1. To the nearest 10 square angstrom, how much accessible area does D128 have with a 1.4 angstrom probe?
2. Which aspartates and glutamates have a Cα less than 13 Å from the Cα of K370, not counting those fewer than 8 places away in the same chain?
3. Place +1 on the Cβ of every Lys and Arg and -1 on the Cβ of every Asp and Glu in the chain, take the dipole about the Cα centre, and give the residue among G450, I324, L405 whose Cα lies farthest towards its positive end.
4. Quick check for region 96-153: number of Lys pairs with alpha-carbon distance under 21 Å, counting only pairs 8 or more apart or on different chains?
5. Check the straight Cα-Cα distances from K16 and name the aspartates and glutamates below 17 Å, setting aside those fewer than 8 residues away within the same chain.
6. How far apart, in nm, are the 7 Å Cα→Cβ label points at E442 and R120?
7. Could you put M424, M216 in order of accessible surface area, largest first, with the 1.4 Å probe and the full protein assembly present?
8. Once you place label points 7 Å from the Cα toward the Cβ at K391 and E365, how far apart are they in nm?
Amino acid sequence: MGLKEEAAHNRKGIEKMKIAIVGSGYVGLVTGVCLAHIGHDIVCIDNDRSKVKKLKEGHVPIYEPGLEALLKKYIKNKKLKFSYSIKDGAKEATAIFIAVGTPSKKNGDADLTYVENVAREIALSMNDYKLVIEKSTVPAATGKRIERTIRLNIPKKYKKGNKLLLDFDVASNPEFLREGCAIDDFMNPDRVVIGVQSKKAEKILREIYKPLKAKMIVTDTNSAELIKHASNSFLAVKISFANALSQICDHVGADVLKVAEGMGFDKRIGRSFLNAGIGYGGSCFPKDVEAFIRLSEKSGYNFELLKEVRNINEDQKAAFVRLIEDKLWIVKNKVIGVLGLAFKPDTDDMRNAPSIDIIKALQSEGAKIKAYDPQGVQNSKSIFKGVTYSKDPYALAKGCDALLLITEWEEFKKLNFKKIKSAMRQPLIFDGRNLYHDDNLEKLGFEYYGIGRGDIS
Ligand code: NAD
């Protein structure tokens with residue numbers, strides 16, 4: 001933030017706060033940069049030393065539009081610092097966000113090992129009042145466990161018997177940003193949810209977010225934690241509903257795009273998240289749906305609806321592969337070009353990307369896979385064996401027996417299909433995102449297959 005803007009902020013009566021953020025991944029880094037942008041003093045902490053080194057030099061190790069420019073700006077004017085030590089980093093902070101990963105265990109539970117480690121380290125470095133804020137997505141009642149971990153690990157010098165001589169709070173502040181438009185989502189949220197157990201915690205969180213002028217939803221910590229799992233699971237329900245619908249559309253000769261449009265105009269339903277495709281992926285929906293199913297089981301409720309949502313999602317990828325196998329007839333030794341690898345556009349994130357299952361299934365049938373993605377190639381290299389990478393969509397199309405559209409990057413919307421067709425060995429397009437639904441590719445001589453367009457025969 002420039003000095004002028006900073007002065008403007010101060011005039012508005014915003015109290016600058018010293019904030020530490022533990023975990024400098026997609027969420028932690030965006031949170032740190034954006035909180036610096038609205039006037040706070042930030043230290044971002046990560047135990048990955050090579051990541052911290054890159055960040056200190058002003059390099060963002062992930063692809064997120066706009067992030068690196070802001071990062072450089074706030075490093076330069078010293079609003080944003082980096083550290084790999086919680087002890088050093090958190091010393092001066094009033095508020096400490098936990099933004100480490102909460103991946104799935106084999107049984108679907110959220111693995112909270114990183115959260116526990118961080119809570120213990122925060123306890124050991126306590127020297128004054130701290131507000132510890134969960135930003136990571138965690139199951140309901142995790143806040144209570146963090147509180148207990150901190151209590152148990154606070155150094156002896158701050159204890160008299162069972163009584164603590166210093167005060168702290170634990171709050172929940174789930175994050176709803178989307179990769180690819182994370183800065184805009186953070187700066188212009190639909191709502192900011194804070195789950196607190198004390199007025200002091202509420203006051204601090206309100207102060208932190210004051211410059212955003214966002215709608216604040218204040219709850220207890222358990223409810224705030226549940227809001228995040230319930231929101232992501234509900235969005236997954238909508239996606240799987242659209243995908244189930246697409247299967248019916250193909251069989252009755254209806255068009256899922258028209259059906260979704262007709263449904264979406266109903267304000268009670270809405271059009272968003274009703275896009276049929278090859279299913280949801282990414283680092284959040286799959287793991288959060290699983291974690292919510294497990295949380296429900298532990299609470300004595302069998303959440304069959306969510307289990308079916310997950311099954312539909314898995315089936316959708318399998319159905320896409322079946323369609324390709326059917327239309328290609330013989331898959332062995334066919335050259336298949338994959339447009340898009342990342343789980344969504346504008347990110348390099350490959351975690352649970354639908355491309356993974358689809359490519360692996362086709363490779364197991366003997367297909368030769370070529371791929372192109374504007375940002376996801378580097379991360380995909382450790383996932384795939386035997387994939388060759390092309391420098392652009394036209395090089396990709398060369399010699400292909402079929403093209404698959406997997407990720408709807410903006411640059412894929414405006415391809416020169418005449419050029420693509422002349423490069424391919426045979427002109428088959430499988431559009432996993434219905435990106436080309438209006439492009440009349442058949443007129444150019446392609447065999448075109450979308451999802452749920454009622455044209456599978
Ligand atoms: P990430 O894997 O990109 O980043 C996590 C970071 O935490 C890593 O850099 C890791 O090195 C660091 N870390 C782990 N243990 C540490 C420790 N002991 N000390 C310091 N650093 C440590 O994860 P992410 O995608 O940013 O997700 C973080 C959390 O936010 C998850 O719970 C996720 O579900 C949630 N979330 C993610 C998104 C998203 O779009 N990625 C959106 C909303 C919520």
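The values are calculated or read from the model by the stated rules, or taken from the named source; none is laboratory data. Predicted, not measured: the structure shown is a model, and the values here were computed from it. For neighbour counting, all protein chains shown are included, and Cβ atoms are generated from backbone atoms with ideal geometry for every residue, glycine included. Ligands, DNA and RNA are stripped out before the accessible areas are found, and what is left, the full protein with its side chains, is counted by its heavy atoms. Shrake-Rupley method; radii C 1.70, N 1.55, O 1.52, S 1.80 Å.
1. About 90 Å², rounded to the nearest 10.
2. Of all the aspartates and glutamates, those that pass the test against K370 - Cα under 13 Å, at least 8 places apart if same chain - are D392, D401.
3. L405
4. Numbers: K105/K135; K105/K144; K130/K144; K135/K144.
Value for region 96-153: 4.
5. E5, E6, D41, E92, E202, E207
6. According to this spin-label approximation, the distance is 6.3 nm.
7. Details: M424 15, M216 40 Å².
Listed by decreasing accessible area, they come as M216, M424.
8. Placing both labels 7 Å along Cα→Cβ, they lie 3.2 nm apart.
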